[in-house]
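Colleague: Attaching a single structure in structure tokens format; questions to follow.
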Amino acid sequence: MTMTTKKKNHKYIFIVGGVMSGVGKGIATSSIGKILQSKGFKVNPIKVDPYLNVDAGTMNPTEHGEVFVLDSGLETDQDMGNYERFLEMDLNPDDYMTSGMVYKHVIDKERNLGYRGKFVEAIPHVTDEITRRIKHAAEKNQSDISIIEIGGTIGDYQNILFIEAARILKIKNPQDVMFIMVSYLPVPGTIGEMKTRPTQNAVRQLNSYGVQPDAIIARGEFPLDQKRKEKLAIWCSVPVENVISAPDILSIYDVPLNFERDKISSVIMKSLHMRTKARNGELLEWKKFVKKRNKAKHKLEVAVVGKYFDTGDFMLSDAYLSVIEAIKFSSYWKDANTRLTWINSKEYEANPKKVTELKKFDGIIVPGGFGETGVEGVILAIEYVRKNKIPYLGLCYGMQLAVIEFCRNVLGWKEAHTSEINAHSPHVVIDIMPEQKKNLESANYGATMRLGAYPAVLKEGTIAREAYLSAGASAKADGTVEISERHRHRYEVNPEHISEIEKGGLVFSGASPDGRLMEIAELPRSIHPFFLGTQFHPEFKARPLHPHPLFTEFVSACLKKK
Ligand code: GLN
């Protein structure tokens, strides 16, 4: 093997969930990573999703939340976005696995006689494959500690093989593996007391798999008092100092600071038989960032107009998690707090006059999307904000629909459309990419979009170029500024119409280096204070300490309007 060698005594932390889902395992994983980074360790987070989908790309966002795209193009779970944001690192495909991926590998290997005629079984073949992947990710990242979040809750059938693989790893390397259970302590309204029993039961269930948690992160509405810490410690067989109180707080970015109040890093060091590397691992930069948020002077109101918001009676903005976070970072940076209002564009189709409500907002975002639902409502909204000079940021579909609106209402191409919806329009201004056509014809949907990071060259004298330059992008010797951003789409601006659209006044300020694909569209500042759309998803690259230049430019424009 020519692979880089694994560091001696590599350490593994498995994060499992007790009682119920949705209590913040992903944030706990990210926060532990952040703390360990500050102590001088190189960490690599790994997300394990127990479902059979091979990746997250084919899942409906109202069901699954956001599909987070990596540089490589792999479509993953939104927790990967949290890891990237907290840890300021670009993750790669080795840092993610689903049951589907693991089984597919095992079955393909069996079909190729890779097991040389043996019985192929869940244990050991699937569990071995899981461990192989975890170790491979550690090697690839050359990290000191892997933090592996096992999706789902203890008691699910789906994640049992992952827990079994982790158990075996611990048996073989008792000093190098630890388990942290993120659990929930409810406070039933009628009783008003924090209940520890569900967590005790979850620990027993985990025990029945042969695993004892080393620490418990006790999530709940309120902080855990000493009495309950002691109770949990006794019933769950963990030292009392290994019970970490994790109450609800205003912002997820406070969580690392909160965990450290209960000294989670010393708990981890003890459990993994390690000593911290950095003397002043104080999360200084992080604290500054958190302070910025708490002290922000200005308040902004921004509307997000789109369609993936409602599931039953609930509004679910999770589908746009990275957009929400990207706006936060740029706002804090500009000394502002931004409140987002979610508007279902179908409302404007039913009642076009309602669109005038947008005048009360400081800016509008149209995020990514697919298909026909709500599209005419979005186009009405874009027309309104273009004419009324309200700052506009369009992300992927949001750029495509802005181009369509411009063609319809400025160039007078009344039927301008995307071939995603109307391929017979006389003006198909957004068209399927030639290489995508075959995929759709053969119903080959999985992982076949234009996915992941691609370069784009920025045009001189544009808002986009200025924004990237002022955020630290550098020009090459010949003056070109090239950026790299993540994509997830099948359609693009139709090359046949580019020159007419540009003559009409819309500027394509970013394009693929070969000039074929239009990546950013904007109106000059002389015409509109900020009207810009991107074919890529800038939100995937926004980080707390490094906000995304285009979001920051948008926030500045909103502040000016205000
Ligand atoms: N539906 C459009 C396309 O496939 C936009 C996709 C998106 O917004 N991510 O090109």
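All of the numbers you see were taken from the coordinates with simple rules; none came from a lab. Everything quoted here is computed from the prediction, not taken from an experiment. We place every Cβ from the backbone using ideal geometry, glycine too, and count neighbours over all the protein chains shown.
Colleague: Amide H of L300 versus every other amide H placed in the peptide plane: which residues, excluding those fewer than 5 positions away on the same chain, fall under 5 Å?
Modeller: Distant-sequence amide H within range of L300: N337, T338, R339.
Colleague: On to the next question. Using Cα-only point scatterers and the Debye equation, what is log10 of I(q)/I(0) for segment 385-471 at each q in 0.12, 0.13, 0.16 Å⁻¹, rounded to two decimals?
Modeller: Results for segment 385-471 at q = 0.12, 0.13, 0.16 Å⁻¹ read -0.54, -0.63, -0.89.
Colleague: Please report the base-10 log of the normalised intensity I(q)/I(0) for segment 308-463, using a Debye sum with one equal scatterer per alpha carbon and no solvent, at each q in 0.10, 0.16 (1/Å).
Modeller: Taking Cα atoms of segment 308-463 as identical point scatterers yields -0.43, -1.13.
Colleague: Sticking with this one: Could you pull out every one of the aspartates and glutamates with an alpha carbon less than 18 Å from that of K476, ignoring same-chain neighbours closer than 8 positions?
Modeller: In chain and number order, the partners are E460, E466, E485, D514.
Colleague: Further, regarding this structure: Specify which residue in the list V493, N409, A467 is farthest towards the positive end of the charge dipole of the chain, using unit charges on the beta carbon of Lys, Arg (+1) and Asp, Glu (-1), about the Cα centre.
Modeller: Value computed over the given set: A467.
Colleague: Using helices alone, I'd like the mean residue ellipticity at 222 nm for the chain: each DSSP H run of four-plus residues gives -39500 (n - 2.57), total over residue count, nearest 500.
Modeller: Values: 19 runs with 198 residues, N = 562.
Calculated at 222 nm, the ellipticity per residue is -10500 deg cm²/dmol.
Colleague: If you wrap segment 251-389's Cα atoms in a convex hull and average its projection over all directions, what's the area in nm²? Numbers along the way, then the final one.
Modeller: Numbers: hull surface 48.6 nm².
With every direction weighted equally, the projected area is 12.1 nm².
Colleague: Follow-up question, since we're still on this one. Hey, got the dipole for segment 322-383? About the Cα centre, +1 on K and R Cβ, -1 on D and E Cβ, debye to the nearest 20?
Modeller: 260
Colleague: Continuing with the same structure: Run down the aspartates and glutamates and flag those whose C-alpha is under 17 Å from the C-alpha of K438, throwing out any fewer than 8 positions away in its chain.
Modeller: E420, E492
Colleague: About the Cα centre, and with charges only on the beta carbon of Lys, Arg (+1) and Asp, Glu (-1), how big is the dipole of segment 1-152? Nearest 20 debye, please.
Modeller: Values: 19 positive and 21 negative charges, 175 e Å.
Charge dipole of segment 1-152: 840 debye, to the nearest 20.
Colleague: Given the pairs K299/K346; K459/K562; K299/K360; K42/K140; K229/K263; K263/K328, which are separated by over 20 angstrom at their Cα positions?
Modeller: Checking Cα-Cα distances, K299/K346; K459/K562; K263/K328 exceed 20 Å.
Colleague: Something else about it: Hull surface divided by four, with the convex hull built on the Cα atoms of segment 198-307: how many nm²?
Modeller: For the Cα atoms of segment 198-307, the hull's average projected area reads 11.2 nm².
Colleague: Answer with one residue from P538, M518, A443: the one whose Cα lies farthest towards the positive end of the charge dipole of the chain, charges on Cβ with Lys, Arg +1 and Asp, Glu -1.
Modeller: The one lying farthest along the dipole's positive direction is P538.
Colleague: Longer than 29 Å from Cα to Cα, which of K34/K109; K34/K270; K307/K387; K307/K503; K227/K295 are they? Say none if no pair is.
Modeller: The answer is K34/K109; K307/K503; K227/K295.
Colleague: Now for a different question. Counting C-alpha atoms alone, how compact is the chain: give Rg to one decimal and Dmax as a whole number, in angstrom.
Modeller: Just the Cα atoms of the chain yield Rg and Dmax of 25.0, 74 Å.
Colleague: Same structure, new question: If you line up the Cα atoms of segment 1-98 on their principal axes, what length do they span on each, largest first, in Å?
Modeller: 42, 35, 23
Colleague: OK, next. Please give the peptides 109-121, 354-366 ranked by average Cβ packing (other Cβ atoms within 10 Å per residue), highest first, as a rough proxy for protection. All intermediate terms of the calculation are to be shown ahead of the outcome.
Modeller: Numbers: 109-121: 10.5, 354-366: 19.5.
Sorting 109-121, 354-366 by mean packing, highest first, produces 354-366, 109-121.
Colleague: Once the dipole of the chain is set up with Lys and Arg at +1 and Asp and Glu at -1 on Cβ about the Cα centre, which of F86, G73, P434 lies farthest towards its positive end?
Modeller: F86
Colleague: Same structure, new question: Report the normalised scattering of segment 79-143 as log10 I(q)/I(0) at q = 0.16, 0.18, 0.25 Å⁻¹, calculated by the Debye formula with identical scatterers on the alpha carbons.
Modeller: -0.62, -0.73, -1.08
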